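The values are calculated or read from the model by the stated rules, or taken from the named source; none is laboratory data. Keep in mind the model is a prediction, meaning the values are calculated, not measured. For neighbour counting, all protein chains shown are included, and Cβ atoms are generated from backbone atoms with ideal geometry for every residue, glycine included.
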Amino acid sequence: MRFFEPVRGPSQGPTLVEQIVSALQTAIQTQLLRPGMAVPSVRHFAHEHGLSTFTVAAAYSRLVAQDWLSARPGSGYRVAMRARATPAAASSASWQPPKIGASWLLTDIFADHSIPIKSGCGWLPAEWLNEAGLQQSLRQLARVPAMQIAGYGQPYGYAPLREHIVQSLAERGASVGTDQVLLTHGATQGLDIVARTLFRAGDAVAVEVPGYGILLPALRLAGLKVYGVPRDSDGICVPELAHLARMHKLKAIFINTVLQNPTGSSLSMANAFQVLQVAEQHDFWVVEDDVSRALLPGVGPMLLALGGTRRVVYVSGFSKSIAPSVRVGHIVSSPGLTADFAKTKMAIALTSAEMMERTVYQVLRLGRHHAHLQRVQDRLREAHDALGDLLDKHGFDVFARPRAGLFLWARPTGKWQGRGAASLAELALKDGIWLAPSLYFDPEQSDSDWIRFNVAHSLDPLLWKFMRRVGAAQ
């Protein structure tokens with residue numbers, strides 16, 4: 001069914017996203033689409049109307065945010081049971097944008113569906129996920145006798161998944177045993193377990209600047225002194241790392257090796273070796289956060305493979321490659337240290353969820369996951385190219401161009417230059433756009449001009465219309 005004829009006209013006319021939103025609102029108001037009815041999938045709608053899936057996904061997201069549609073994993077999009085009979089403007093007058101800040105980043109943002117354009121988020125679009133693989137995995141899980149999954153499970157986690165992780169690491173040059181793998185409730189819990197086990201209040205640790213925003217409050221909760229080390233497109237500033245190690249007796253550095261959050265860059269092989277040399281010289285741990293490796297085509301340095309478990313604690317997970325709701329991560333370390341991590345895990349949360357671990361194992365085992373990852377990598381490369389062109393066209397400086405992974409790190413060079421990204425992000429929220437400013441990713445919460453863009457969520461024309469309107473673009 002065709003709902004409208006797309007008009008690709010002058011820039012001052014309605015955008016394609018606006019046209020889709022208007023067409024579906026009209027279909028719902030005229031009862032062509034009734035409450036509870038399924039609407040075409042993003043791919044089908046795009047094919048039927050000759051549109052990009054990015055454009056359709058942006059329109060569907062806006063309709064969900066405005067309560068015209070509902071979205072359920074595995075069920076696609078449906079007309080909301082209480083869909084409006086009047087235009088959405090009625091509710092938009094009472095809507096108030098949330099306040100930018102660490103609290104919103106940590107809590108509300110994950111449940112906040114009022115923002116239709118999530119340029120600053122850290123996950124893949126729902127329609128990019130391996131829906132068929134997840135459904136098949138859940139069907140397999142439903143056949144498991146209840147008595148096999150009724151208990152708390154093994155403290156180290158589901159053994160077949162741990163064996164799969166061992167094999168996967170071996171393919172990348174890291175030789176470990178199953179007694180060195182501990183499953184966790186996501187990679188973030190893995191990082192927390194490492195911090196609680198290895199360090200005590202007052203210990204000094206280093207993080208990348210910019211670096212993973214969710215890690216920073218976890219380290220502060222542990223009472224650690226956190227020092228920032230600049231990161232450039234080649235990797236860590238090794239002289240600064242060595243200086244901090246001498247001055248503060250560092251206990252560890254936390255580092256993303258490939259496709260770093262937020263810059264998207266990866267360590268060069270030379271930089272990876274230099275980081276390990278400094279860690280060896282000054283006797284501190286290297287905690288390798290490697291959650292995005294599955295999104296990397298080809299190979300990149302892995303500190304675990306280069307330095308082994310005597311110096312490296314390796315943390316990863318499946319939220320980036322399978323689904324954000326799949327809260328399964330893992331820690332890899334020496335056998336003795338892994339046993340200590342298991343004790344900490346049991347003390348703070350008991351075992352991890354075996355049913356979810358079984359689900360992940362079936363997704364990996366059933367053979368479609370590799371093909372799914374290739375498709376995601378291809379789509380991300382296309383999104384990188386498209387967003388890179390938009391950033392260039394609008395006069396943004398781009399930190400690195402990995403053409404892989406979720407993120408690009410860029411800053412405006414228009415009249416907004418030097419005014420800080422936080423105020424731009426607050427203004428964008430009023431237009432239903434979430435930007436991720438630099439203060440999220442800095443231990444000192446410094447407000448520079450840099451912004452993290454999720455390439456899969458940053459192609460909406462309304463985002464760039466906003467940038468032109470406020471003068472952030474050159």
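To keep it simple, each residue is scored yes or no on (1) of a type in the set (S, T, Y); (2) under 26 Å from A294 (Cα atoms); (3) modelled with pLDDT of 95 or more.
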| residue | (1), (2), (3) |
| --- | --- |
| R143 | no, no, no |
| I149 | no, no, no |
| Y158 | yes, yes, yes |
| E163 | no, yes, yes |
| A187 | no, yes, yes |
| E208 | no, yes, yes |
Checklist entry - Regarding L221, is this residue modelled with pLDDT under 95 and not basic (K, R)? => result yes
Checklist entry - Does any residue in segment 15-31 that is closer than 14 Å to R78 by Cα and assigned by TED's automatic domain parsing to the domain that holds F45 come within less than 7 Å, Cβ to Cβ, of a residue that is small (G, A, S) and modelled with pLDDT under 80 six or more places away or on a different chain, and which pairs are these? => result I28/A83
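Conditions tested, residue by residue: (1) more than 16 Å from the chain's Cα centre (by Cα); (2) modelled with pLDDT of 55 or more.
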position: R78; (1), (2): yes, yes
position: F110; (1), (2): no, no
position: I115; (1), (2): yes, yes
position: G120; (1), (2): no, yes
position: P125; (1), (2): no, yes
Checklist outcome for this item: Restricting segment 59-75 to residues that are assigned to a helix (DSSP H, G or I) and either touching a Leu at 6+ places or on another chain (Cβ under 6 Å) or not small (G, A, S) (or both), the one surrounded by the most Cβ atoms within 10 Å (Cβ to Cβ) turns out to be Y60
Checklist outcome for this item: Within segment 202-224, the residues that are within 16 Å of W285 (Cβ to Cβ), in a strand (DSSP E or B) and out of contact with any helix residue (DSSP H, G or I) (no Cβ under 7 Å at 6 or more places or on another chain) are E208
Checklist entry - Can you pull out the residues in segment 257-290 that are in contact with a strand residue (DSSP E or B) (Cβ under 6 Å, 6 or more places away or on another chain) and closer than 21 Å to L337 by Cα? => result A279, F284, W285, V286, V287, E288, D289, D290
Checklist outcome for this item: The residue that is surrounded by the most Cβ atoms within 10 Å (Cβ to Cβ), considering only those in segment 399-419 that are part of a loop (DSSP other than H, G, I, E, B) and within 17 Å of the chain's Cα centre (by Cα), is G405
Next on the checklist: Looking for something in a strand (DSSP E or B), among the aliphatic types (A, V, I, L, M) and in contact with a helix residue (DSSP H, G or I) (Cβ under 7 Å, 6 or more places away or on another chain) - is there at least one such residue anywhere in segment 272-286?
Outcome noted: yes
Item to check | Residue list for segment 137-179, restricted to those being of a type in the set (V, I, T) and out of contact with any strand residue (DSSP E or B) (no Cβ under 9 Å at 6 or more places or on another chain) | outcome: V144, I149, T178
Item to check | Test: residue in segment 119-126 that is in contact with an Asp or Glu (Cβ under 9 Å, 6 or more places away or on another chain), in a loop (DSSP other than H, G, I, E, B) and touching a residue at least 24 places away in the same chain (Cβ under 8 Å) | outcome: yes
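Table: residues versus (1) part of a loop (DSSP other than H, G, I, E, B); (2) without any contact (Cβ under 8 Å) to a residue 40 or more places away in the chain; (3) touching a His at 6+ places or on another chain (Cβ under 9 Å).
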{"residue": "S316", "(1), (2), (3)": "no, no, yes"}
{"residue": "R327", "(1), (2), (3)": "yes, no, yes"}
{"residue": "I331", "(1), (2), (3)": "no, no, no"}
{"residue": "G336", "(1), (2), (3)": "no, yes, no"}
{"residue": "K345", "(1), (2), (3)": "no, no, yes"}
{"residue": "T351", "(1), (2), (3)": "yes, no, no"}
{"residue": "Q362", "(1), (2), (3)": "no, no, no"}
Next on the checklist: Of all residues being small (G, A, S) and outside any loop (DSSP other than H, G, I, E, B) in segment 12-58, which is surrounded by the most Cβ atoms within 10 Å (Cβ to Cβ)? Just the residue, please.
Outcome noted: A58
Checklist entry - Got at least one residue in segment 231-247 being basic (K, R) and either surrounded by fewer than 20 Cβ atoms within 10 Å (Cβ to Cβ) or not assigned by TED's automatic domain parsing to the domain that holds L337 (or both)? => result yes
Checklist entry - For the subset of segment 170-197 comprising residues that are assigned to a helix (DSSP H, G or I) and in contact with a Lys or Arg (Cβ under 7 Å, 6 or more places away or on another chain), which member is nearest to L276 (Cα to Cα)? => result I193
Checklist entry - Name the residues in segment 369-378 that are surrounded by 15 or more Cβ atoms within 10 Å (Cβ to Cβ) and either at pLDDT below 95 or among the aliphatic types (A, V, I, L, M) (or both), would you? => result H369, H372, L373, V376
